[in-house]
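Take a look at the structure below.
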Amino acid sequence: MNVKHTTAAEYSTAHTDACEIALVALLRAFGSLKTNLRLVGGLVPRYLTPSQPPDIPAHTGTTDVDIVLNITILTTQGTYDKLRRQLKDGGFVRYQPAPEGPVSSWQWLYNVGNTPIVIEFLQHTDDPAQSSFLVQIDGEDVSACQILYASIAYDWFEKKEIVVELPNNGGIVRETIRYADAVAFIVLKALAFKSRHERKDASDLIHVMRYWGNVESLAGLFKERIATGIHNDAIKLALTALKENFCDEPEIPGYRKDGPAAVINFHGLQDIDEEIRIREQREVSGMVNYFIQHIT
């Protein structure tokens, strides 16, 4: 169900479409609280870099939905019972990762036809020691997993109206989704790759950097955000992570680092002609180097 695949070939458009439907169902389940939800993670590139072949290829997709919650708002008096009830009334059940194991309080399951989709609730922390620890929203029924600097998506996000058909004859509905913008997405993905070294994180990061716009405009947007003084700790840490995982050092060429290798391996290019593979890794590293140089 909640599988992080290691290669692009294992993802499908149909599964990603199901994730979009689950997202809309979640927004409807949250009712008046839905405007406080922020979409992050692997579904975001679908909206940041919509497919426009051949210039912008379709993003690989995702198998789950990552949502940042604003705990301050959700813990307002009277919210607890309403949230728990509305999730269950909306067709969501607590996810059970293993058949004989406990159910999760921060992961919920929604079935889109025969496709089960896991929703993961996330919450901001600026304390590295608290990253990956749960914070309770609703006793033991609803909680969120803390990740570093998730609140960047509260402030820097985009909106888009989407139309989907809900399962079980739920009808066609419109919803406005709020998702991390390019700066927030790149910051969170750079930090995610630094902490867990998953190929998919590196690929998502490079896809958005490559296809959101040109590198100069992206670097310019970062410089504008840095000038505001908001979320500068998060941006600084993310840029450091990009340098460490993708960029040249005096004795280590960037293309040989784990970032470019993860991107190439995710797309199944590790076994092709070595010259072609190295060229592809150089291209990834070169783009990130160029991006960093235009910011600093």
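Which entries in LYS189/LYS243; LYS160/LYS223; LYS200/LYS243 show an alpha-carbon gap greater than 21 Å? Please report the intermediate quantities before stating the final value.
Values: LYS189/LYS243 14 Å; LYS160/LYS223 25 Å; LYS200/LYS243 18 Å.
Flagged as over cut-off: LYS160/LYS223.
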Simple spin-label estimate for LYS82 and ILE230 in nanometres, 7 Å along Cα-Cβ:
2.6 nm
The chain - percent relative contact order, Cα under 8 Å, separation 6 or more:
17 percent
Please compute the contact order of segment 182-295 in relative form: average sequence separation of alpha-carbon pairs under 8 Å and at least six residues apart, divided by the residue count, as a percent.
32 percent
Based only on other Cβ atoms within 10 Å, what is the fewest-to-most ordering of GLU283, GLU275, GLU100?
GLU100, GLU275, GLU283
Starting from the 7 Å offset along Cα-to-Cβ, what nm value, one decimal, do you get for the label separation of ASP55 and ILE276?
2.6 nm
Gain in length, ARG28 to SER12, computed as 0.36 nm per residue apart minus the alpha-carbon separation, to one decimal in nm?
3.3 nm
Ordered by fewest other Cβ atoms within 10 Å, a rough proxy for footprinting exposure, VAL163, VAL112 read VAL163, VAL112
Using a Gaussian network model of the chain with C-alpha springs under 10 Å, which one of ALA153, ALA180, ALA219 is most mobile by mean-square fluctuation?
ALA219
Roughly what angle does helix 199-211 make with the longest principal axis of the chain, taking Cα atoms, 0 to 90 degrees, to the nearest 10?
70 degrees
For segment 182-295, state the average projected area of the convex hull of the C-alpha atoms over all orientations, rounded to one decimal in nm².
6.8 nm²
Tell me the label-point distance for the pair ILE162, MET287, using the 7 Å Cα-to-Cβ offset, in nm and rounded to one decimal.
2.2 nm
Let's test the formula: R0 of 25 Å, r as the Cβ-Cβ distance of ILE295 and GLU249. What FRET efficiency results, to the nearest 0.05?
0.90
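State the extension gain, in nm to one decimal, for the chain segment bounded by ASN36 and LYS223, taking 0.36 nm per residue of separation less the distance between their alpha-carbons.
64.7 nm
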Pulled fully out, how much extra length does the chain show between ASP155 and SER131, if you take 0.36 nm times their separation in residues and subtract their Cα-Cα distance?
6.6 nm
Please list the three semi-axes, largest first and in whole Å, of the ellipsoid equivalent to the chain, using sqrt of 5 times the eigenvalues of its alpha carbon gyration tensor.
33, 22, 18
Quick check: net charge around LEU43, other residues with Cβ under 9 Å of its Cβ, Lys/Arg +1 and Asp/Glu -1?
-2
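FYI, it's all coordinate maths here, none of it is from the lab. Please read all numbers here as calculations on a predicted model, not as lab measurements. Backbone-built Cβ (ideal geometry, glycine too); neighbour counts: all protein chains shown.
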